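What follows is calculated from the coordinates using simple rules that are stated; it is not laboratory data. Remember, predicted model here, so these are calculated numbers, not experimental data. Glycine also receives a Cβ, built like all others from the backbone with ideal geometry; neighbour counts cover every protein chain displayed.
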Amino acid sequence: MVTRAPYRFGWTLPLVMLLYGSACTAPVQRPAPEDMTIVRPGAKSLVVVHSRSGNTAAAGRVISEMMKADYLRLAIPEDAGNSLLTVPKRNDTVEMTPMKHDLSRYRLLFLGSPIWYWHPTAYIYTFIRNNDLRDRRVVLFYTYEGGLAGDAVQEWKDLVKQRGGEVIDVVGVDRSDLEDEEALRTQVLKMIDQKRGEWEKSRN
């Protein structure tokens with residue numbers, strides 16, 4: 001009788017994960033400079049978003065439009081998130097523009113991120129850590145296609161609290177069944193219709 005030794009993954013499992021992650025990564029969006037910021041006269045709210053492929057940015061623009069909020073998309077390195085090797089750990093401090101932003105005129109903040117490997121990204125975490133959120137009410141929003149770690153939302157909320165902010169809502173948009181940006185917009189508009197009254201009260 002021949003006894004087979006147990007199979008040891010060794011370096012093959014990380015390689016398979018790397019190839020799988022690279023194959024499933026959506027193309028990176030390269031927005032024009034004028035698409036990175038929107039300033040609305042008299043705005044009391046600000047949408048800050050990290051978005052690699054453009055989906056979370058699209059959701060953020062709809063929120064900005066409907067809530068009459070300013071809009072800021074974080075500029076990140078072009079290769080960030082292209083593969084497992086270029087995804088920073090979520091608690092790393094990463095380089096991006098801007099690292100800090102003047103939040104003094106805003107009462108309500110919308111902070112948006114895609115979900116990378118079951119958590120919000122290092123880019124939105126770094127923005128939170130580098131900015132004073134005292135006396136700011138915060139809505140966290142995210143887009144995703146896979147799962148979300150059980151501690152992901154609470155970890156994000158705790159980080160905002162550490163910087164002095166108050167999280168009043170957390171909302172997510174599941175992209176798995178959405179065919180295009182128009183479908184994403186429709187989904188976000190439905191969400192805003194349900195939430196707008198609550199959010200507007202927090203802005204005043």
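What the Cα atoms of region 98-204 give is an Rg and a Dmax of 14.1, 39 Å.
Count Lys and Arg as plus one, Asp and Glu as minus one, and take only other residues whose Cβ is under 15 Å from that of Thr93; the net charge is then +3.
For Lys157, the aspartates and glutamates whose Cα falls under 12 Å of its own Cα, not counting residues fewer than eight places away in the same chain, are Glu166, Asp169. Based on C-alpha pairs under 8 angstrom that are at least 6 apart in sequence, region 30-162 has a relative contact order of 24 percent. Alpha-carbon geometry of region 91-148: the Rg and the Dmax are 12.2, 36 Å, given in that order.
Once the C-beta distance of Ser53 and Asn91 is scaled by a Förster radius of 25 Å, the resulting FRET efficiency is 0.65 to the nearest 0.05.
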